[in-house]
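Notes for the one structure printed next.
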Amino acid sequence: MKAKRILSDSDIHLLASRALKAAIRGLIKERAREGRSLVIWRNGKVIRVSARRILREQKEARLKKRKISA
């Protein structure tokens, strides 16, 4: 029988953060497929944004990050 591993607070924080990010990614993709928007907080204001726009912005940010690190 394997001994139980005790998780540190930082391990728990990391796992929770990853789970939350995965859930948000799933929600954004689902809303984009349905053609629905999301309500988000941006620059101190609550705004409605198309899920497709958020996906496009995320893709652009990833590409920009790759160019910087390359």
I need the full set of residues from the stretch 45-70 which are β-branched (Val, Ile, Thr) and exposed (fewer than 10 other Cβ atoms within 10 Å of the Cβ), in order please.
Val46, Ile68
For the stretch 30-63, how many residues meet the condition of being in a helix (DSSP H, G or I) and within 17 Å of the chain's Cα centre (by Cα)?
17
List every residue pair whose Cβ atoms sit under 6 Å apart, with the two residues 6 or more apart in sequence or on different chains, where the first one lies in the stretch 20-44 and is surrounded by fewer than 11 Cβ atoms within 10 Å (Cβ to Cβ) and the second, anywhere, is modelled with pLDDT of 95 or more and of a type in the set (Phe, Trp, Tyr).
none
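The values are calculated or read from the model by the stated rules, or taken from the named source; none is laboratory data. Keep in mind that this is a model prediction, so the values were computed, not measured. Positions of Cβ are backbone-derived with ideal geometry, glycine not excepted, and every protein chain shown enters the neighbour counts.
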